[in-house]
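One structure below.
Every number in this text was worked out from the coordinates using simple rules, so none of it is lab data. These figures come from a predicted structure and were not determined experimentally. Reconstructed Cβ throughout: ideal geometry from the backbone, glycine too, with neighbour counts over all protein chains shown.
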Amino acid sequence: MIESSKVKKILYGGDYNPEQWPEETWEEDMRLLKLAHIDVVTLNVFSWAMLQPDEETYDFSKLDKIMELVTKHGMKICLATSTGAHPAWMARKHPDILRTEFNGMKRKFGSRHNSCPNSPTYHKYARALAQKLAERYKNYDNIVAWHISNEFGGECYCENCEKAFRKWLQNKYQTIEAVNQAWDTAFWGHTFYDFEDIVAPNLLSEHFASNRTTFQGISLDYKRFNSESILNCYRIEYDAVHAVTPDIPITTNLMGTYQPLDYQMWAKYMDFISWDNYPSNEAPYEETAMRHDLMRGIKQGKPFALMEQTPSVTNWLPYNSLKRPGVMRLWSYQAVAHGADTVMFFQMKRSIGACEKYHGAVIDHAGHENTRVFREVAALGAELERIGARTLGARTKAQAAIVFDWDNWWATDYSAGPSVNLHYCDEIINYYKALNDQNISVDMIGVEDDLSGYQLVIAPILYMVKPEYDEKLRAFVQAGGTFVTTFFSGYVDEHDLVTVGGYPGKLRDILGIWVEEEDALPDETRNSFTYEGTVYPAVMICDLLHTEGARALCAYEKDFYAGMPALTCNDFGEGKAYYVATRSNEQFYRDFTRKLCREAGIAPVLDTPEKVEATKRVNDNGSFLFLLNHDDKEQEVALPEGGVDILTDVSYEAGGKLKLAGKGVAIIQLD
């Protein structure tokens, strides 16, 4: 949430780039944006070349005009620092700023995300520009947020980074002996004698594919180092603007389940979370919901900003289908339903050239308001004005949580086996979708988060058990919590070194099992198990396990391990710990989680027809029930509580029924 006295409603707007257009067009843009009820614009996202034409010169004249124009028309500003792409002169004069790709290729000037995160040149000029922007515009009282750079990402393997990696390792491990131990370099005679022996792990050294490496420990540490290196770039700019404008909150736009950056670490240094949501038309709505909840979760459940989405069409997917009528509104409210306090777009106006000229915009190339997209944007803007501040700051109260951990994601991806079909996020989605389809509120949490407020914690593929996390889980279950984990869990420590003595390592006593082997099933190969009278498939991975106090709830029905447990439950202290030894289908996850929630006393927000999503947010103004119909057909929803739909002002009695049109939305402020 942008916590500011300047914010009185859900902010509505997005990226506006008037510097790409003749000045005589700006006033017409303002007329159209006001007509669409736009009240905030993100300015200066990619203007570094305009602002700094050489090493000594800064020219803010055009940005001054833009800032004054937007202010004159009563709009709020999210001001970016413009450092997402360095100027051409900088690359020409300072080649250390250029990135080196995973294959060892040194880049030339071009594209964006093209700066080495450990380049002293980049640090110097990015810091200077951020400071100058803050000093110049510090007295604008309509700046509601700082937007550092844009969609930080990528990786670099240049000499700057290699040297910085060695220093990072020295700070972390202190001695080369500790590095060798952490990376198990006795394997293949890989011993390092000096930190200078260490090189960046890429196709020139440790890798034989992007996610296949001969030394997982080295590559895993480089992932951590890269994420922290890019975070340092953000923090350099953060410190520069915060020193001048300490009362303006600062963010950068994240990208949901973006693998290279550990957003749980990044969130510690962000005043509020913002992110860019670009699902394809075919993407299951539950996956988008999960990403919203993940972005909410990395900041301990605080509301976030939807910084970007498209009003209509993206232009980088294989098939850039239009958003059908009503979908933009539906997806905007889905973000709000899961914790957003803004609805913002890329972009306000379509550019005429380069790679995003066919990406959707509020103002189309036609240049007027007589388009379907503009009418939909304006209608949503009018609704958001009616809602006002009622939902701002509202929280989601959840008793169920799913553990998401970037280190586990990285380590699982780098693992030498067991199956190329094993993908960390897929297993997260299996459980999230099952809960979301039942309208069970879910918090997406990290391993550092407190568990005491939850009744149910699910940690799919908890492959890496970090120091003391087993103790946190042990205390949670002993105190009465229900814990669920799956195959390929408890195998390694934080260095990706196997915990010997039998899988699942430090989780063994909590789960009451011992995993002896794991069978990776090729595509189309299946086993099966029967759980509570229903036969379910067992696919991809089948753990062969023995119980050590746990109860076997069902067993495999084929192959030489027929009769061995496929699902177990261990009574541990006052709680229970479940182990799901195989992957199954959507129906299993739905049935299994329904039983878990019933046992744990976790009720759904509301029972709804299929494809109708229900969430609840609560603040000092009351409780708000969001109903989202992802189906094309009308659906009827029974309301056990009465309230008023704040979108239509229609009142409903307790026990009444509400009809939701296809792609329709209702927000009921409950009595």
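Side notes on the structure shown:
- Dimensions of segment 236-305 along the principal axes, based on C-alpha atoms and rounded to the nearest Å, stand at 45, 22, 19, largest first.
- Ordering of 631-638, 444-451 by packing is 444-451, 631-638, highest average first (other Cβ atoms within 10 Å, averaged per residue).
- Residue-wise HN-Hα coupling along segment 17-26, computed from phi with Karplus coefficients 6.51, -1.76, 1.60 (Hz; x: Gly, Pro): 10, x, 4, 7, 10, x, 4, 5, 8, 5
- Normalised contact order of the chain, rounded percent, pairs of Cα under 8 Å and 6 or more residues apart: 11
- Within the chain, the proportion of C-alpha pairs whose separation exceeds 39 Å stands at 37%.
- Rg/Rh for segment 1-70, where both radii come from Cα atoms and Rh is the Kirkwood radius: 1.03
- Along its first, second and third principal axes, ordered by size, segment 359-444 spans 56, 35, 23 Å in Cα coordinates.
- Alpha-carbon centroids, segment 15-68 and segment 201-254: separation in whole Å: 30
- Rounded if a/c under 1.5, otherwise prolate or oblate - segment 612-670, Cα gyration tensor axes: prolate
- The GluC sites (Glu not before Pro) found in segment 225-291 that occupy coil by DSSP, while having at most 14 further C-beta atoms within 10 Å, are GLU282.
- Taken as Cα centroids, segment 89-126 and segment 154-176 sit 17 Å apart, rounded to the nearest whole angstrom.
- Peptides 303-313, 201-211 ranked from most to least packed give 303-313, 201-211, packing being the mean of other C-beta atoms within 10 angstrom over each peptide's residues.
- The length gained on full extension between ASP632 and GLU468, counted as 0.36 nm times the residue separation minus their Cα-Cα distance, comes to 54.2 nm.
- Ranking of TYR531, TYR193 by count of other Cβ atoms within 10 Å, fewest first: TYR193, TYR531
- Calculated mean residue ellipticity at 222 nm for the chain: -9000 deg cm²/dmol, from DSSP H runs with n ≥ 4 weighted as -39500 (n - 2.57), summed, divided by the residue count and rounded to 500.
- Checking the Cα-Cα distances for LYS172/LYS397; LYS9/LYS633; LYS397/LYS611; LYS302/LYS506; LYS62/LYS357; LYS62/LYS124 against a 29 Å cut-off, the pairs over it are LYS172/LYS397; LYS9/LYS633; LYS302/LYS506.
- Entries in LYS76/LYS616; LYS323/LYS663; LYS6/LYS138; LYS8/LYS76; LYS106/LYS167 that, when Cα-Cα distance is taken, lie over 18 Å: LYS76/LYS616; LYS106/LYS167
- Where trypsin sites (Lys or Arg not before Pro) fall in DSSP loop in segment 355-409, at most 15 other Cβ within 10 Å: LYS357, LYS397
- Cα-based shape type of segment 97-200, given that a ≥ b ≥ c are square roots of the gyration tensor eigenvalues and the cut on a/c is 1.5: prolate
- Distance cut-off 12 Å, percentage of C-alpha pairs in segment 159-220 lying past it: 67
- Shown here for segment 312-392: chymotrypsin sites (Phe, Trp or Tyr not before Pro) in loop regions (DSSP other than H, G, I, E, B) with at most 13 other Cβ atoms within 10 Å, namely TRP316, TYR319.
- Spacing of the two label points (7 Å from each Cα toward its C-beta) at LYS611 and LYS34, in nm: 4.1
- For the listed peptides 412-424, 461-473, a ranking on the average number of other beta carbons within 10 Å per residue, highest first, reads 461-473, 412-424.
- Gyration tensor verdict on segment 475-608 (Cα atoms; rounded if a/c is under 1.5, prolate if a/b is larger than b/c, oblate otherwise): oblate
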